[in-house]
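Following: one structure in structure tokens, then a few remarks.
The values are calculated or read from the model by the stated rules, or taken from the named source; none is laboratory data. Since the model is a prediction, treat every value here as computed from it, not as a measurement. Virtual Cβ from ideal backbone geometry, glycine too; neighbours counted across all protein chains shown.
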Amino acid sequence: MTNPIQKTKSDKAGVEKKATSTDAHIDESIDKINDEKPSGLLAGIIERAIKTGLGRKKLNPSAVEVDVAKNMEKIHKSPTKLRLAFLGGGSFGTAMANLAARNGCDTTLWVRDKRTVKSMAKLQMNKKYLPGYKLDDRLKYSHDLEAAIKDKDIIFLAVPSLAFRETLKNIAPFLTGQSVVSLTKGMEKDTFALMSDIIKDELPEVNFGVMSGPNLAVEIMKNMPSATVIASESEPLRHAVQAALHSAFFRVFASDDIRGVELGGALKNIYAIAMGMAAAYDVGENTKAMLLTRSLAEMSRFGVEAGANPLTFLGLSGVGDLYATCSSELSRNYRIGNMLGRGMTIDAAVKKLGQTAEGVNTIQQVHEKATKEGIYMPITHALYAVIYEDKAALGVALNLMEAGFRSDVEFVMAHDHSNASLTAQMQAASDSGDDDDSSTNDNPDK
Ligand SMILES: NC(=O)C1=CN([C@@H]2O[C@H](COP(=O)(O)OP(=O)(O)OC[C@H]3O[C@@H](n4cnc5c(N)ncnc54)[C@H](O)[C@@H]3O)[C@@H](O)[C@H]2O)C=CC1
Ligand SMILES: O=C(CO)COP(=O)(O)O
């Protein structure tokens, strides 16, 4: 059967080679176009990248940036040219390092604990975080940070947000031009810094990117088809990450909206907790759909205030990751929410989970930031009230339902122009009958 894409190309080939009408000749032409197109495209990209100083403007472009740009074509044909370090031996660092090693990249996984490194090398398995999943036998392990990142092209950080700055400080003395890519989905405690902010703070000269998407580690280990997004201002880095991780089971899409991609990954953890909690109350599909969609509205509203492009939230790192984590018990944040919904305290739930759940910190950060800056985030505030102010979940949820008339997609129809007086009347009516215990401090008409 003819592939429709090939058909388009054969038409083009037919025009170019009018005299050769046999299938064999057309096939030959298609092959030729297929062979030539990538190199032409890549050559253009490389030329433009070199001319424009390769992405983020800085005084000294790192050696790897120039090197990757020059060798992009070779890298695409042979990913083994890339040398990678993954820092963090939890479930995600392990799953990603395994993908890269399986793709033939020279890959080292750095884990801080010497005994864990020994066990992983011996068993070719991460017994604590991914028990039962055999790792690629080409994957190398190290607990020596300097050795792990030496001569590497790209360093991927997959440590929890609370260890991110410390890890950057630790690698700083050993950097010799490597690019850095964050896989971490969170915000720094107390500072509201995203991982890209921390990279710019600690390593201002370094070429960097952030990667985020619906990537439940266990599903990746099971080879379930998945996709992610690499966001960077550096085109060569985006291409290098795509070349390193792309496989038949894993697609890597590109973006240059670092803020949007990073915020998608961080914010969705809040709503995964909310959805886990809602599931504990056995809510129906309509309720789940409403919660998911209004969560997306909150995420994009917050994102715009933080300098992101709202359309990014329609992509894999936004709605994609929101959907995955809000509908799966594989999500640790969802599980935390579910435990809370079943009456556990936050401390008990975190202890029982025993793994990273970034949303617990992110709720506090976003609640504080949104309150300070007057960003309308009713679900986040409601969740905060339930978890940290001991408000009754059902009362808070009902209160949310009374939050007045709003626009559906406010980038299509701005809220301020719709039903303002009706909303005020609704608010006055609900205030007069309100139970103080279940109220949140939101002004729905903001
Ligand atoms: N697990 C998943 O499915 C995904 C996780 N992520 C993100 O990746 C980041 C890491 O998460 P996971 O690997 O799942 O966490 P995890 O809870 O499975 O493991 C965390 C790892 O970090 C290590 N660690 C903690 N503090 C450290 C420090 N100070 N220095 C060095 N290592 C330290 C721990 O020993 C452990 O190996 C998080 O931000 C998470 O949101 C992103 C996508 C998917
Ligand atoms: O980010 C994730 C999947 O994309 C993992 O979510 P959890 O951190 O909630 O497990």
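What to note about this one:
- Test: residue in segment 196-214 that is surrounded by fewer than 21 Cβ atoms within 10 Å (Cβ to Cβ), at pLDDT 95 or above, closer than 25 Å to Asn269 by Cα and among the hydroxyl-bearing types (Ser, Thr, Tyr): yes
- Residue satisfying all of: in segment 228-255; of a type outside the set (Gly, Ala, Ser) and assigned to a helix (DSSP H, G or I); surrounded by the most Cβ atoms within 10 Å (Cβ to Cβ) among these: Leu237
- Looking at Val229, Val218, Val181, Val159, just one residue is within 20 Å of Phe313 (Cβ to Cβ) and within 16 Å of ligand 2 (Cβ to nearest atom), and that residue is Val229.
- Enumeration of residues in segment 396-429 that are surrounded by fewer than 18 Cβ atoms within 10 Å (Cβ to Cβ), modelled with pLDDT of 85 or more and over 26 Å from the mean Cα position of the chain (by Cα): Leu398, Met401, Glu402, Phe405, Arg406, Ser407, Met413, Ala414
- Residue selected from segment 175-195 under the condition surrounded by 24 or more Cβ atoms within 10 Å (Cβ to Cβ) and among the β-branched types (Val, Ile, Thr), by the criterion farthest from Glu262 (Cα to Cα): Val180
- Test: residue in segment 342-364 that is basic (Lys, Arg), surrounded by 15 or more Cβ atoms within 10 Å (Cβ to Cβ) and farther than 23 Å from Gly404 by Cβ: no
- Inter-residue pairs, beta-carbon under 8 Å, first at positive phi and in segment 286-309, second part of a helix (DSSP H, G or I), 6+ apart: Gly307/Arg259
- Residue that is nearest to ligand 1 (Cβ to nearest atom), among those in segment 164-177 that are in contact (Cβ under 8 Å) with a residue 12 or more places away in the chain and within 18 Å of Gly93 (Cα to Cα): Thr167
Here's the yes/no breakdown for (1) part of a helix (DSSP H, G or I); (2) surrounded by fewer than 16 Cβ atoms within 10 Å (Cβ to Cβ):
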site	(1), (2)
Ala272	yes, no
Met277	yes, no
Thr293	yes, yes
Ala324	yes, no
Ser328	no, no
Ile336	yes, no
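- Selection of segment 115-130 for residues being surrounded by 14 or more Cβ atoms within 10 Å (Cβ to Cβ) and free of Cβ contacts under 8 Å to residues at least 60 places away in the same chain yields Thr116, Val117, Ser119, Met120, Ala121, Gln124, Met125, Asn126, Lys128.
- For segment 330-382, filtering for residues that are more than 14 Å from ligand 2 (Cβ to nearest atom) and not hydrophobic (A, V, I, L, M, F, W, C) leaves 20.
- Checked against the criterion of being touching a Phe, Trp or Tyr at 6+ places or on another chain (Cβ under 6 Å) and either of a type in the set (Lys, Arg) or part of a helix (DSSP H, G or I) (or both), segment 376-391 has no qualifying residue.
- Unmet criterion (only one of (1) at pLDDT below 55; (2) among the charged types (D, E, K, R); (3) part of a loop (DSSP other than H, G, I, E, B)) for Arg48: (3)
- Flag if Ala85 is more than 10 Å from ligand 1 (Cβ to nearest atom) and either at positive phi or assigned by TED's automatic domain parsing to the domain that holds Ala158 (or both): yes
- Val283 falls short on exactly one of the conditions (1) β-branched (Val, Ile, Thr); (2) more than 15 Å from ligand 1 (Cβ to nearest atom); (3) touching a Lys or Arg at 6+ places or on another chain (Cβ under 9 Å), and that condition is (3).
- Of all residues in segment 365-376, at least one satisfies being small (Gly, Ala, Ser) and over 18 Å from Asp408 (Cβ atoms).
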